[in-house]
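One structure below.
The values are calculated or read from the model by the stated rules, or taken from the named source; none is laboratory data. Keep in mind that what you see is a predicted model, and the values were worked out from it rather than measured. Neighbour counts run over all protein chains shown; Cβ positions are idealised from the backbone, glycine included.
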Amino acid sequence: MYTEPLTTATQNFENWTNKIFSSKYNPFYYHGALPQFYLWVLFLSGLLLFAYYIPTIDNAYASTQLINAYSSVDYITNTIPFGVVIRGIHRYAGDAMVITILLHMARVWFTDRYRQYRIVQWLSGVVLLLLVLVIGQTGYYLVWDQRSLVLTRMTVAALEALPFIGNGLRAWFLNGQTISNFTMSNFLFIHIGLSFSLLFGLWIHYIRMQRPVVTPPPAINYILMATIMLVVFAFPIHMEPGGMAHLTDQPNSFEMDWFFLWPYYIMANAPMWAFWAVMIGGTALLCYLPYFVRTKEVEAAEVVLNKCTGCSLCANDYPYAAIEMVPAPAGSRFKLLATVKPYRCSGCGVCVGACAFDAIDLPDLLDTDVTNKIKALAQQG
């Protein structure tokens, strides 16, 4: 399988969008920063919701003054000024984050930027996607309505189906043997704890990039936020019709959020072994994709030592830390010389374009070809 046609098609599409947005504001050039913008929106809106949330399911004394998870979410939705807006922002920003993550993965795939030295970015990105999906699912447990009860029971059944570790995972998930107030506290801990673990995952995701783009320009941020607000007011959040969950209830249907709850659709329509086969197999396939695609082997850049002046321009410009400045040998006119780490080189040609002394070559690409390519890209911008 080759990706060159996809790469060419993606670049042509982005060149076309440059004519509309200009290269400075083309959202496709900030594809990795778009999910991170929504992450900050989720952190802020989640913090505001957390201030009013009560993580209990106790309903032994049901009354108008009942205070538990469901009543606190209902209070946020229907009583606090703009509470329903904040809850809507939190919900739809999560959906938008999934959409932008998928767009990010598609763009990375289509432009062939996921193998060799970039493999850490791809694998950590798969982990981040899984974390986001789990975090979004636990958010639905916290409402503790009829849907929450169905999702909790389905998750318990899925965990119990796992051999050897199923019962232990079930007890960890419920924080005990049965659903209780401790269960809801555990859901809240998982939801918040995994959310903060995303920051560590992002650090791994960026660790091999010298200048990662972590935020779009303000103009794009305004448009992203305006889009969320438009959806919030067009499709306002509401409490589920079934009302608060009771452990004696046996609900069997709920409103589906296809961005986060699609695994439950598989779970409801397939045997448990098939569900886990899809989940584990799909994750393994995502991790294996970079090794499945065949492209031309990239030859690492080479330093022409008798031309290198130790200026460090190549090392400063290269985005994947493949060039290191090392002390020059005795007798050299310069203090430093560039050296290439072949296992990190992506063959992008940035170092060749950065060098003013023709001291770096790509063995499979002529200097004139690199120069012409850089000029063409500059003219398009």
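Here are some notes:
- Single unsatisfied condition, residue 169 versus (1) buried (at least 18 other Cβ atoms within 10 Å of the Cβ); (2) free of Cβ contacts under 8 Å to residues at least 60 places away in the same chain: (1)
- Residue check for residue 195: in a helix (DSSP H, G or I), among the small types (Gly, Ala, Ser) and under 25 Å from the mean Cα position of the chain (by Cα): yes
- Screening residue 147 against (1) touching an Asp or Glu at 6+ places or on another chain (Cβ under 9 Å); (2) among the basic types (Lys, Arg); (3) closer than 30 Å to residue 31 by Cβ leaves a single unmet condition, (3).
- The single condition among (1) part of a helix (DSSP H, G or I); (2) of a type in the set (Ser, Thr, Tyr); (3) in contact with a Phe, Trp or Tyr (Cβ under 8 Å, 6 or more places away or on another chain) that residue 52 does not satisfy is (1).
- Complete set of residues in segment 320-339 that are buried (at least 19 other Cβ atoms within 10 Å of the Cβ) and free of Cβ contacts under 8 Å to residues at least 60 places away in the same chain: 323, 338
- Here segment 258-296 is the region considered, the condition is being among the aliphatic types (A, V, I, L, M) and in contact (Cβ under 8 Å) with a residue 40 or more places away in the chain, and the residue that is surrounded by the most Cβ atoms within 10 Å (Cβ to Cβ) is 267.
- Taken as a whole, the condition of being modelled with pLDDT of 90 or more, surrounded by fewer than 15 Cβ atoms within 10 Å (Cβ to Cβ) and over 30 Å from residue 345 (Cα atoms) does not apply to residue 255.
- Members of segment 8-20 found to be within 24 Å of residue 98 (Cα to Cα) and either at pLDDT 80 or above or not assigned by TED's automatic domain parsing to the domain that holds residue 101 (or both), listed by number: 17
Matching residues to (1) in the same structural domain as residue 125 (by TED's automatic domain parsing); (2) of a type in the set (Asp, Glu); (3) in a loop (DSSP other than H, G, I, E, B); (4) at pLDDT below 90:
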site: 190; (1), (2), (3), (4): yes, no, no, no
site: 205; (1), (2), (3), (4): yes, no, no, yes
site: 215; (1), (2), (3), (4): yes, no, yes, yes
site: 223; (1), (2), (3), (4): yes, no, no, no
site: 229; (1), (2), (3), (4): yes, no, no, no
site: 242; (1), (2), (3), (4): yes, no, yes, yes
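- Boolean, residue 176 is closer than 14 Å to residue 187 by Cβ and without any contact (Cβ under 8 Å) to a residue 12 or more places away in the chain: yes
- Of the residues contained in segment 91-102, none is found to be at positive phi and surrounded by 18 or more Cβ atoms within 10 Å (Cβ to Cβ).
- Residue list for segment 237-252, filter: surrounded by fewer than 13 Cβ atoms within 10 Å (Cβ to Cβ) and under 28 Å from the mean Cα position of the chain (by Cα): 238
- Top-ranked residue of segment 320-361 - restricted to ones that are more than 28 Å from the chain's Cα centre (by Cα) and among the hydroxyl-bearing types (Ser, Thr, Tyr), ranked as nearest to residue 210 (Cα to Cα): 339
- Of residues in segment 44-65 being surrounded by 15 or more Cβ atoms within 10 Å (Cβ to Cβ), closer than 16 Å to residue 246 by Cα and not polar (S, T, N, Q), the one modelled with the highest pLDDT: 55
- Scan of segment 324-371 for residues that are at pLDDT below 75 and in contact with a strand residue (DSSP E or B) (Cβ under 8 Å, 6 or more places away or on another chain), ordered by number: 347, 349, 363, 367, 370
- Subset tally (residues that are part of a loop (DSSP other than H, G, I, E, B) and either in contact with an Asp or Glu (Cβ under 9 Å, 6 or more places away or on another chain) or modelled with pLDDT under 80 (or both)) for segment 271-316: 11
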